[in-house]
Amino acid sequence: MEKKTIGSAISLILVVGVTIGIVVLNDDKKGVTNEELNTHSKTVDALCQNTDDNKLCHETLYPVEAKAPSDYVKTVMKHSMNSLIKAFNMSDKLNVENNNNSVGIKMALEDCKDLLEFAIDELKASNIVFSDKNKNDVAAELKNWLGAVIAYAQSCLDGFNTDGEKKVQSQLQTGSLDNVEKLTALALDVVTGISEMLASLNLTLNVKPTSRRLLNDLDKDGYPIWVSIKDRKLLANRDLVVKPNAVVAKDGSGQFKNVLDAINAYPKKHKGRYIIYVKAGTYDEYIIVDKKKTNILLYGDGPTKTIITGSKNFKDGVKTLRTATFSTQAENFIAKSIAFENTAGPEGHQAVALRVQGDRSTFFDCAMHGYQDTLYAHAHRQFYRNCEISGTVDFIFGYSTTLIQNSKIIVRKPGPNQQNIVVADGTVQKNMPTGVVLQNCEIVPEKSLIPDRLNVKSYLARPWKAYSRAIFIENTIGDFIQPDGFLPWQGNQFLNTCYFAEYGNNGVGANAKNRVKWGRGVLQKNVAAQYTAEQWLQADTWLPTTGIPYQTGFTRA
């Protein structure tokens with residue numbers, strides 16, 4: 001134990017040496033002393049010791065010209081970018097080669113191209129963080145972007161569902177996507193390792209902003225005092241008349257009769273918040289908010305009055321990604337007082353009501369209704385407050401960093417031989433900053449399920465991917481949840497690496513005495529705190545600007 005401690009201390013000092021510029025290497029190593037080379041080698045050893053692929057780590061980091069910790073990160077990200085471009089080109093090539101094959105293969109390959117393009121954009125964006133003086137937590141931002149890259153690579157592979165599609169999936173995976181994930185996971189490991197080492201010496205990768213608006217500056221209603229009165233009232237009062245940029249109304253009293261038309265009217269190079277008001281009505285349409293339409297606020301007359309509906313589903317031959325009634329890819333999207341639904345029913349299998357991809361997406365006083373795969377929390381940081389989310393199988397799933405707060409989680413009656421699972425998170429690498437957290441929510445059965453609630457098996461979560469993460473904090477859990485709480489995905493797969501935990505829950509279903517042995521049990525308060533808004537979402541860097549009230553820490557003493 002003593003030797004390990006001393007070794008770790010030496011490694012920390014070596015990394016600090018790199019931080020202040022002691023180690024400078026050239027590609028040909030001319031003019032470099034043996035002492036400097038030895039220091040660099042030990043630094044690489046220290047960074048690689050906790051990575052999943054030690055050999056790949058050494059091969060990637062040893063040639064680095066190291067003047068600062070960021071040089072190691074930039075190098076791995078450069079390799080990841082190269083592998084992404086290769087994967088994108090391969091998906092394009094396979095698309096041409098399989099042009100006459102099944103519709104399913106064509107859909108999956110087209111989706112892969114789009115997803116890999118998103119991944120390339122994420123890595124391009126991550127380069128900004130090293131020079132942007134307004135970023136107050138470099139490590140958190142980098143991990144957010146890198147996590148999204150892995151999310152898109154995994155989503156690409158998820159699209160190949162049937163036996164006939166597995167051959168093409170294998171070509172894409174072994175030919176390029178495996179390498180994308182390995183290198184991006186390595187980048188996550190390096191960022192995490194450097195951050196932890198420097199934190200041990202009270203140093204940081206953080207770039208502190210010149211000013212910081214803290215959550216302490218709240219008014220009596222829980223809003224930041226610096227949010228404009230207009231924006232505050234808009235978010236707080238659904239009956240308030242605020243002049244939007246666009247109005248949607250089925251009766252023709254607005255500029256548009258369809259929601260999609262209003263979104264597509266978003267002006268090029270628009271600055272600031274773009275507000276779309278959708279009047280009461282049921283809008284049967286399929287909508288994508290593309291990544292260029294940032295800062296949209298979409299609000300309605302309430303989730304029982306303004307409803308966007310669809311019924312696309314997997315059983316009818318539609319890929320899960322494409323079943324979504326409403327998809328948003330843009331950053332800083334806000335929805336308020338509106339419902340998103342998929343009416344395919346349990347017989348439709350995967351049928352998404354809402355898919356959310358853009359970073360810093362927020363939903364307030366909204367509803368997401370469906371059955372299997374209702375809410376696809378696809379990527380990046382997402383916050384849900386005062387919402388209603390209903391479904392049956394894996395009805396909250398994805399690869400995002402999600403916090404659902406003060407909401408009602410409604411478990412519906414599934415189809416024959418089906419079981420209910422609330423969360424199926426897709427965290428696939430140990431240092432991905434992703435997972436689903438439910439805080440201060442009610443987890444209840446739908447009225448139609450109540451008579452059979454003790455016969456139909458319902459669970460809080462199951463591990464969809466290797467490091468699946470679901471944390472339940474301060475919720476009220478109904479008696480219909482199985483005492484063991486969590487369900488295996490397939491045999492013993494992922495049970496040693498998944499992370500399912502609870503803290504401060506109440507209700508009959510919150511009794512953790514008979515939970516599965518492979519769960520993490522009831523957390524200590526200091527550990528549970530990692531999954532509250534500030535630490536989990538870096539909340540004070542973006543949520544206050546939405547004007548939406550939220551709890552930064554625990555809701556109960």
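The values are calculated or read from the model by the stated rules, or taken from the named source; none is laboratory data. Predicted, not measured: the structure shown is a model, and the values here were computed from it. For neighbour counting, all protein chains shown are included, and Cβ atoms are generated from backbone atoms with ideal geometry for every residue, glycine included.
If you check THR294, THR304 for being surrounded by fewer than 16 Cβ atoms within 10 Å (Cβ to Cβ), part of a loop (DSSP other than H, G, I, E, B) and either polar (S, T, N, Q) or in contact with a His (Cβ under 8 Å, 6 or more places away or on another chain) (or both), only one passes: THR304.
Considering region 108-126, and only residues there that are closer than 14 Å to LEU84 by Cβ and in contact with a Lys or Arg (Cβ under 8 Å, 6 or more places away or on another chain), the residue that is modelled with the lowest pLDDT turns out to be ASP121. With a requirement of 3 or more residues that are polar (S, T, N, Q), the helices (runs of 4 or more DSSP H) lying completely within region 100-183 that satisfy it span 138-158, 166-172.
The listed residues are VAL393, VAL437, VAL352, VAL444, and the only one of them that is in contact with a helix residue (DSSP H, G or I) (Cβ under 6 Å, 6 or more places away or on another chain), in the same structural domain as GLY317 (by TED's automatic domain parsing) and under 23 Å from GLY509 (Cβ atoms) turns out to be VAL437. Checking each residue in region 332-354 for being of a type in the set (A, V, I, L, M, F, W, C), farther than 30 Å from ASN417 by Cα and part of a strand (DSSP E or B) picks out ILE334, ALA335.
Quick one: is VAL456 in a loop (DSSP other than H, G, I, E, B) and over 15 Å from VAL522 (Cα atoms)? It is true that VAL456 is in a loop (DSSP other than H, G, I, E, B) and over 15 Å from VAL522 (Cα atoms).
Within region 465-485, the set of residues being of a type in the set (Phe, Trp, Tyr), buried (at least 22 other Cβ atoms within 10 Å of the Cβ) and within 28 Å of GLU181 (Cα to Cα) is empty. Kindly check whether there is at least one residue in region 514-532 that is hydrophobic (A, V, I, L, M, F, W, C) and part of a strand (DSSP E or B). Yes, the conditions are met somewhere in region 514-532.
Scanning region 239-290 for residues that are among the acidic types (Asp, Glu) and not in a loop (DSSP other than H, G, I, E, B) yields ASP261, ASP284.
Only one entry in VAL259, VAL278, VAL248 is of a type in the set (A, V, I, L, M, F, W, C) and in contact (Cβ under 8 Å) with a residue 60 or more places away in the chain, namely VAL278.
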